[in-house]
Amino acid sequence: MTTEEKINKLRDTLREHNYSYYVLDSPTISDFEFDQLLRELQQLEAENPEYFSPNSPTQRVGGAVTKNFETVKHTYRMYSLDNSYSKEDLEDWEKRIEKLVDGPVEYTCELKYDGASISLTYQDGVFVRAVTRGDGVAGDDVTANVRTIRSVPLQIKGNYPGLFEIRGEIVLPYEGFAQMNAQRVADGEEPYRNPRNTASGSLKLQDSAEVAKRPLECLLYSLKGEQLPVTTQYESLQRAHQWGFKVPDVYQLAKNIDEVLAFISHWDIHRHELPYETDGVVVKVNSLQQQEELGYTAKAPRWAMAYKFKAEQASTVLHSITYQVGRTGAITPVANLEPVSLAGTVVKRASLHNADQIAKLDIREGDTVFVEKGGEIIPKITGVDFTQRAPSSTPTEYVALCPECSTPLVRAEGEAQHYCPNAGGCPPQIIGRIQHYISRKAMDIEGLGGETVALLVNNGLINNYADLYELTVEQVIPLERMAKKSAENLIAGIEASKKISFERVLFALGIRYVGETVAKKLARRFKTIDALMNASEEALVAVDEIGTRIAESVVFFFSEEKNRKTIQRLADYGVQMEISAERMAAQSDILLGKTFVVSGVFQLSRNDLKKCIEDNGGKVAGSISGKTDFLIAGENMGPSKKTKAEGLGVPIISEGEFLQMIS
Ligand code: AMP
Ligand code: ZN
């Protein structure tokens, strides 16, 4: 087999597995085996850059950065849908249709997925473009971001038309949304409010590598094109599925509105068992011929109708409001409710977010409240049934003292959340910080889990993460459920964490608002903990994507004597406090403020080339604009990029010239 054949074979194999995993939800190999194959392909591609392909399974991790999303006019306008809310609305619609077309009318019923609409273009079976709905006439080109969504096939299979568009909805399934929020809370950030806004926000992120980390899915529901090999909507869905698209299998043909209504009542209840949010049913005239006869109003097709489900609501009694303290000291008020059944689950608690929310709704203990379950996994309280309020009821007074350590709470100007400022003495904060320090994405200490941390703290063995490094096997053995072997593993795990890179140490410190990405940026820019500790707010804000909120938080953290002491101790134990020598050597500021666009095939792998630009302070953009400083042209560069660069007077340089720039 030639190298090229080997590469193609691996790509095909990985595509098949990807399809089984993300489209069919039934993996055929283990994650480990998949990673092995992917790594093999990555290596081959790196060694043979002439076979680069933007549609290789290796490109799912993203990397392209888009500064300004290009506006693209839709070939076929993306319409909105008319809404209906009752049986009568649907029957009226049926009457209107019957007047306009001849012969019997059949309908397809689909669920209405609640996310961000998208139109994908495929040319010769290859994914070439993704555009958002925008105003329906033109949208934003978000190709680089959509390419990272695993259920969007980069290469389709079977007997597909040469050129077509397929439309669908990008959604964030509940489970992935919950995981993202857990991570945000761990990073000391506000959780996202609902999956839909998070999904559509994700499409407009500038860094596609960030999008790649989000568990987005693309559910498809309609084909657009000249000479499509189908005559009905039902067939379109079947075909799209065969070509490798993720078409949810909940759809059904209905002979009349009664059958449509049966579908609606079934899914009004059972939709809660689906892994993603739906907010209604979309009913479409099945025959494409009849669709054409019916046409469009100014806003929507006459041949389709959305039926909106009512948001599920229940009323119940609010027994008490309690307050939780997070790792960063943030206080979250929680409503403890009389258990009530809602959207298929029993609800006992609801988040009240913050003091403003409580004041706004005037919620009081003993009230009867309305609970709703929308996109959020945690139900929310939408209002109070004032008719049920007892005359003796008094307004809620927000807690003034920390429920865990009785310290007076503080609330910074402009912030919604109250905080317990007793970072050093408040048990959930002490335990939470150490739990964060040892967590997988931070110091990843093997043999030590969250519960053991709590045990160690409660037994007075440790009080902050620096204390971990003074623990001995003898101290640990007497703890509950601790054998000699596991105690040794624990100490060995702590010892091994001294090798963890500075970027991760910085994340592990648990500075409010400093998540993984920010930690990386800070480590790259400042290189040593000393430089970072002495950085002014202005110097911090000058770093790309770091705003005043983060800068203030960093300066505050290092201004505290106890934090400086802890860091000194960590350094003395041998924890990494600067970026490693080899990464340092590869870095400079030579390209600071310069934006590059990379196009074509190079000697270096594209990822290495991009890393090279970033390591030297430059930025990589996905498309050419007035802000581009250089276009680095490789072999087989796209002609449109060249024309555009020439038109805008952007200098075009070769890979060799670029390497000279940084040498
Ligand atoms: P609206 O935004 O309320 O006007 O509803 C129209 C939107 O519903 C479309 O732009 C689609 O993004 C979305 N939608 C979700 N599921 C479907 C579906 N099965 N068929 C058609 N449109 C859908
Ligand atoms: Zn406290």
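The values are calculated or read from the model by the stated rules, or taken from the named source; none is laboratory data. Everything numeric here is computed off the predicted structure, so don't read it as measured data. Neighbour counts are summed over all protein chains in view; Cβ atoms, including those assigned to glycine, are modelled from backbone coordinates with ideal geometry. The area values use the complete protein model at the heavy-atom level, side chains included, leaving out ligands, DNA and RNA. Shrake-Rupley method; radii C 1.70, N 1.55, O 1.52, S 1.80 Å.
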(Q) Among the numbered criteria (1) open to solvent by 10 Å² or more (accessible area, probe 1.4 Å); (2) on the phi > 0 side of the Ramachandran plot, which one does G244 miss? (A) (1)
Q) Which one of these is more than 30 Å from the chain's Cα centre (by Cα), modelled with pLDDT of 90 or more and open to solvent by less than 30 Å² (accessible area, probe 1.4 Å): I331, I321? A) I321
Q.
Going by what's in this entry, would G626 be described as on the phi < 0 side of the Ramachandran plot and either of a type in the set (A, V, I, L, M) or more than 33 Å from the chain's Cα centre (by Cα) (or both)?
A. no
**Q.** Set Y79, Y19: member being under 30 Å from S623 (Cα atoms), touching a Lys or Arg at 6+ places or on another chain (Cβ under 9 Å) and outside any loop (DSSP other than H, G, I, E, B)
**A.** Y19
Q. Within the stretch 440-495, restricting attention to residues that are in a helix (DSSP H, G or I) and among the acidic types (D, E), which residue is least open to solvent (accessible area, probe 1.4 Å)?
A. D467
Q) So V601 clears everything in (1) closer than 21 Å to A519 by Cβ; (2) touching a Pro at 6+ places or on another chain (Cβ under 6 Å) except one condition, right? Which one? A) (1)
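What do you reckon, is T407 at negative phi, in contact (Cβ under 8 Å) with a residue 24 or more places away in the chain and more than 16 Å from ligand 1 (Cβ to nearest atom)?
In short, no.
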Q: Would you mention how many residues in the stretch 416-429 are open to solvent by less than 50 Å² (accessible area, probe 1.4 Å) and without any contact (Cβ under 8 Å) to a residue 60 or more places away in the chain?
A: 1
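Quick check: anything in the stretch 302-309 more than 30 Å from L90 (Cβ to Cβ), of a type in the set (A, V, I, L, M) and out of contact with any Ser or Thr (no Cβ under 6 Å at 6 or more places or on another chain)?
The answer is no; no qualifying residue exists.
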(Q) Could you go through the stretch 581-593 and let me know if any residue there is over 30 Å from L631 (Cα atoms), surrounded by fewer than 20 Cβ atoms within 10 Å (Cβ to Cβ) and modelled with pLDDT of 90 or more. (A) no
Q.
For the stretch 375-392, give me each residue that is part of a loop (DSSP other than H, G, I, E, B), surrounded by 14 or more Cβ atoms within 10 Å (Cβ to Cβ) and in contact with an Asp or Glu (Cβ under 8 Å, 6 or more places away or on another chain).
A. G375, P379, R389
Q. Can you name the residue in the stretch 293-333 that is aliphatic (A, V, I, L, M) and not in a strand (DSSP E or B) and, of all such residues, is farthest from ligand 2 (Cβ to nearest atom)?
A. L294
Q | Qualifying positions in the stretch 393-406 - acidic (D, E) and surrounded by 14 or more Cβ atoms within 10 Å (Cβ to Cβ) | A | E404
Q: Determine the pairs where a residue that is outside the structural domain of A144 (by TED's automatic domain parsing), located within the stretch 208-230, has a partner that is more than 16 Å from ligand 1 (Cβ to nearest atom) and open to solvent by 20 Å² or more (accessible area, probe 1.4 Å) with Cβ atoms under 9 Å apart, the partner being 6 or more residues away or on another chain.
A: none
**Q.** Among the candidates V211, V260, residue that is open to solvent by less than 10 Å² (accessible area, probe 1.4 Å), part of a helix (DSSP H, G or I), of a type in the set (A, V, I, L, M) and more than 26 Å from E165 (Cα to Cα)
**A.** V260
Q. How about the stretch 599-622: which of its residues are under 22 Å from F69 (Cα atoms), crowded, with 20+ Cβ neighbours inside 10 Å and either at pLDDT below 80 or touching a helix residue (DSSP H, G or I) at 6+ places or on another chain (Cβ under 6 Å) (or both)?
A. S599, R606, V620, G622
Q) In the stretch 263-286, which residues are in a strand (DSSP E or B) and open to solvent by less than 30 Å² (accessible area, probe 1.4 Å)? A) T278, G280, V281, V282, V283, K284, V285
Q: Among what's in the stretch 505-517 and is surrounded by fewer than 19 Cβ atoms within 10 Å (Cβ to Cβ) and not in a loop (DSSP other than H, G, I, E, B), pick the residue that is modelled with the highest pLDDT.
A: E516
Q) What strands (runs of 3 or more DSSP E) completely inside the stretch 115-208 contain at least 1 residues that are in contact with a strand residue (DSSP E or B) (Cβ under 9 Å, 6 or more places away or on another chain), surrounded by 20 or more Cβ atoms within 10 Å (Cβ to Cβ) and acidic (D, E)? A) 163-171
Q) With respect to T108, is the statement that it is more than 16 Å from ligand 2 (Cβ to nearest atom) and surrounded by 17 or more Cβ atoms within 10 Å (Cβ to Cβ) true? A) yes
Q: Take the stretch 55-94 and flag every residue that is touching a Leu at 6+ places or on another chain (Cβ under 8 Å) and open to solvent by 30 Å² or more (accessible area, probe 1.4 Å).
A: Q59, K87
Q. Which residues, counting only those in the stretch 398-439, are assigned to a loop (DSSP other than H, G, I, E, B), within 29 Å of the chain's Cα centre (by Cα) and within 11 Å of ligand 2 (Cβ to nearest atom)?
A. H418
Q) Among the residues of the stretch 86-99, is any modelled with pLDDT under 90 and among the aliphatic types (A, V, I, L, M)? A) no
Q) Got a sec? Which of T121, T58 is at pLDDT 95 or above, at negative phi and under 28 Å from the mean Cα position of the chain (by Cα)? A) T121
